[in-house]
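K.L.:
The structure's right below; bear with me while I get my questions together.
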Amino acid sequence: MARFGFSLLAVLAAIGGMASVTAASAADMRAPIYKAPSAIAPFSWTGFYVGGTAGAGWTKADTGLSAVNGAVPLYFPADIPGLTAIGSPGLSATNAIVGAKAGYNQQWGSFVAGIEGDISWFHFDRTAATFGSPFLTFPGGTAAFSTSVSSNWLATIRPRVGYAVDKALFYATGGVAIGDVKYSNNYVGFSPLGAGFEFEAAAVSQTRVGWTAGAGIDYAITPHWIVSGEYLHVDLGSVSTSAPVTTGNAATATFNVSTKLRSDIGRLGLAYKF
């Protein structure tokens, strides 16, 4: 009888233990399961992107004129400084610039390097009319010039190097600038020698290869969309040509004319990163 009682107690104890384990398991199943928040991956600048830009250029064309094969009029070299001053106006304007860009970045830690190319509508177009009486020996002489410089498009190809602070990229850039430059110079003068009118017409149109340098900041507003602000200085160098100055009878001299085109550009951009 005692042995039977001991066995019964052992069975009851085992059943009680199983019930406790089952209840604890059920309580664990009812309890909410918490997971540690996963770390957010830092933004990566590596990849290709395409986009557009819009802004303004503060552009200046420095024109120059010189007379060769004598003076104009041919017999008075002292008149050349005054004549060339009238025929060498500085032309400047604020012009719109709108275009498209594409590029690629590669990131190593916080260092980012890449290359970008862009092409833009670059609407610089200025004309100046200048007048004067440069003929010192015969003050009755009059000189009139019409000078025009324009540029319609601009493209750049530029390496970029920068430092990334998560979604912000601060960079410096510089490379090749390519653009068209059109220049014309027209002169009409009443000769102080009484020989009548003198005429000159010179024009040149070239695709120029120059240089550009600047800096900017890109900011990723989403994993794919990037806004930017950028400054560039562009120097397209000089274009030059020459043309004879003629009277009713013959050429009396030759004008050499040239212009140097430079621009400071500020623009905003929006790009999609793949």
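The values are calculated or read from the model by the stated rules, or taken from the named source; none is laboratory data. Being a predicted model, the structure only gives us computed values, none of them experimental. Cβ coordinates were reconstructed from backbone atoms using ideal geometry, including for glycine residues, and neighbour counts include every protein chain displayed. Just the protein is used for accessible areas: all its heavy atoms, side chains included, with ligands, DNA and RNA removed. Shrake-Rupley method; radii C 1.70, N 1.55, O 1.52, S 1.80 Å.
K.L.:
Got a sec? Which of ALA56, ALA113 is surrounded by fewer than 16 Cβ atoms within 10 Å (Cβ to Cβ), within 20 Å of VAL227 (Cβ to Cβ) and at pLDDT 95 or above?
P.N.:
On the way: ALA113 fails: within 20 Å of VAL227 (Cβ to Cβ).
After applying the criteria, what remains is ALA56.
K.L.:
Residues in region 89-138 that are of a type in the set (Ser, Thr, Tyr) and within 27 Å of LEU232 (Cβ to Cβ): how many? Please lay out each step first, then the result.
P.N.:
Residues of region 89-138 that are of a type in the set (Ser, Thr, Tyr), as a first pass: 92, 94, 104, 110, 120, 127, 130, 133, 137.
Subset that is within 27 Å of LEU232 (Cβ to Cβ): 92, 94, 104, 110, 120, 127.
Qualifying residue count, region 89-138: 6.
K.L.:
If you don't mind, another one. Among the listed residues LEU169, LEU136, identify the single one that is of a type in the set (A, V, I, L, M) and in contact with a helix residue (DSSP H, G or I) (Cβ under 8 Å, 6 or more places away or on another chain).
P.N.:
Values: LEU169 fails: in contact with a helix residue (DSSP H, G or I) (Cβ under 8 Å, 6 or more places away or on another chain).
After applying the criteria, what remains is LEU136.
K.L.:
Related question: With the structure loaded, tell me whether THR222 is free of Cβ contacts under 8 Å to residues at least 60 places away in the same chain, part of a loop (DSSP other than H, G, I, E, B) and open to solvent by 20 Å² or more (accessible area, probe 1.4 Å) or whether it fails that test.
P.N.:
Yes.
K.L.:
Same structure again: Against the condition surrounded by 22 or more Cβ atoms within 10 Å (Cβ to Cβ) and in contact (Cβ under 8 Å) with a residue 40 or more places away in the chain, how does ILE97 come out, does it pass?
P.N.:
Values: surrounded by 22 or more Cβ atoms within 10 Å (Cβ to Cβ): yes; in contact (Cβ under 8 Å) with a residue 40 or more places away in the chain: yes.
So ILE97 fits the description; yes.
K.L.:
Is it the case that some residue within region 195-205 is in contact with a Ser or Thr (Cβ under 9 Å, 6 or more places away or on another chain), β-branched (Val, Ile, Thr) and open to solvent by 50 Å² or more (accessible area, probe 1.4 Å)?
P.N.:
Scanning region 195-205, I find no residue that is in contact with a Ser or Thr (Cβ under 9 Å, 6 or more places away or on another chain), β-branched (Val, Ile, Thr) and open to solvent by 50 Å² or more (accessible area, probe 1.4 Å), so the answer is no.
K.L.:
With respect to THR254, determine if the residue is open to solvent by less than 20 Å² (accessible area, probe 1.4 Å) and in a strand (DSSP E or B).
P.N.:
Working: open to solvent by less than 20 Å² (accessible area, probe 1.4 Å): no; in a strand (DSSP E or B): yes.
For THR254, the condition - open to solvent by less than 20 Å² (accessible area, probe 1.4 Å) and in a strand (DSSP E or B) - is not met.
K.L.:
Among the residues that make up region 85-96, is at least one of them in a strand (DSSP E or B), modelled with pLDDT of 95 or more, of a type outside the set (D, E, K, R) and more than 26 Å from VAL204 (Cβ to Cβ)?
P.N.:
no
K.L.:
Then there is this: Any idea which residue in region 67-80 is farthest from VAL204 (Cα to Cα), counting only those that are surrounded by fewer than 16 Cβ atoms within 10 Å (Cβ to Cβ) and at pLDDT 65 or above?
P.N.:
Top of the filtered list is ALA78.
K.L.:
Another question about this same structure. Restrict the check to region 227-249 and report whether at least one residue is open to solvent by 30 Å² or more (accessible area, probe 1.4 Å), in contact with a Gly (Cβ under 9 Å, 6 or more places away or on another chain), farther than 30 Å from LEU65 by Cβ and part of a strand (DSSP E or B).
P.N.:
There is at least one residue in region 227-249 that is open to solvent by 30 Å² or more (accessible area, probe 1.4 Å), in contact with a Gly (Cβ under 9 Å, 6 or more places away or on another chain), farther than 30 Å from LEU65 by Cβ and part of a strand (DSSP E or B).
K.L.:
May I pose another question? Look at region 116-125 and say how many of its residues are out of contact with any Phe, Trp or Tyr (no Cβ under 8 Å at 6 or more places or on another chain) and open to solvent by 50 Å² or more (accessible area, probe 1.4 Å).
P.N.:
The total comes to 2.
K.L.:
Please go through region 126-166 and pick out each residue that is of a type in the set (D, E, K, R) and either loosely packed, with under 15 Cβ neighbours inside 10 Å or not in a strand (DSSP E or B) (or both). Give the steps one after another, and end with the answer.
P.N.:
Step one: list which residues in region 126-166 are of a type in the set (D, E, K, R), which gives 126, 158, 160, 166.
Selection gives ASP166 alone.
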